[in-house]
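Read through the structure below, which is laid out as structure tokens, and then see the notes.
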């Protein structure tokens, strides 16, 4: 049987689960509050649940570490992004007890992040991390989370708008340093991610057959990939092979950095300067990936094949990269007009605009 007692002016309750006593402060000076809490705890125990006081001891920081440990154990490639999300969440929730992280508390966090200027997509990644850590806590034995609160997500505009017209790309490439020209061309034609190209080694290349491979586990989505090189890319790879043999040390990488040996790291400054010199405005290297997808679709490459080349695992993500430009829309109008004019029964010169027809009727 449970009991109620006082310590100073505060009421405490005592109850048992599997013969083990639990003592809990009600943080109230009212006996009625103590009676309600004791009844609640005894109800939880009768239903086979852990008493709520157990969950009150779990803090956000503990769940955050469990969350990051899960990423490390499973060797997830997005660990750095998860760590960024946790740092942001800790700024707000560090020290909080888990039952205090309710939907209103999460909405207050969202409001603070919006005021700080964070993008909706960034906030959603942080909320996804919070949801994941709470779900992990609920699945543990014994559980650390009694109930996962509703976590609202913000609306995102996932359509990627940056891409290169061919002339813009050529202008950029002409202004890039020599060690990045082949690197950028390969991205422009295949749509591979910057990390995949930077980490490309000669053991993944069969130059005689003109094939480049990413083995299972070497790509972001952990799936293997094969790309056949066209004539231009073959020449670039042959040139890189020649340069490889000219130095005192041999590089493992197809596209090494400025020293000709090590892996390409951060080239944002060089990239920004090249964009400025090419007079094409601010561009991202990732725009080459979007452009490659669009170019393949425009060229008539089946979408499934294009996805296999670029490494897109899901159709929804691929569709966000398959961008329609103003030129695409203009070409669609011209194509439709040509089609209509070619239909049987159409007399040359009879397809005129509404305004021209209106003027003709007025003149008459």
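Here are some notes:
- Between segment 1-47 and segment 261-309, the alpha-carbon center distance in angstrom: 63
- Ordering of 237-243, 298-304 by burial proxy (mean other Cβ atoms within 10 Å per residue, highest first): 237-243, 298-304
- Mean-position separation - Cα centroids, segment 233-254 and segment 53-108, in angstrom: 46
- When you count the other C-beta atoms within 10 angstrom of each residue and take the mean per peptide, 68-80, 125-137 line up highest first as 125-137, 68-80.
- Förster-model FRET efficiency, 35 Å R0, residue 30 and residue 116, C-beta, rounded to 0.05: 0.30
- If R0 is taken as 25 Å, the Cβ-Cβ distance between residue 91 and residue 284 corresponds to a FRET efficiency of 0.35.
- Label point at residue 70 placed 7 Å out along Cα→Cβ; residues across segment 125-152 whose backbone nitrogen lies under 13 Å: 128-141, 144-145, 148
- Segment 4-46: C-alpha gyration tensor shape, a/c 1.5 cut-off, then a/b vs b/c: oblate
- Look at 253, 228 and count the other Cβ atoms within 10 Å of each Cβ; fewest to most, that gives 228, 253.
- Globularity index of segment 75-187, i.e. its alpha-carbon radius of gyration over 2.2 N^0.38 Å: 1.53
- Global geometry of segment 166-321, whether rounded, prolate or oblate, following the gyration tensor of its Cα atoms and the 1.5 cut on a/c: oblate
- Whether segment 79-139 is rounded, prolate or oblate, judged on the alpha carbon gyration tensor where a/c under 1.5 counts as rounded: oblate
Coordinate-derived values only; no laboratory data. The model shown is predicted, which means the values in this text are computed figures rather than measured ones. When we count neighbours, we look across all protein chains shown, and the Cβ atoms used for this are built from the backbone with ideal geometry, even at glycine.
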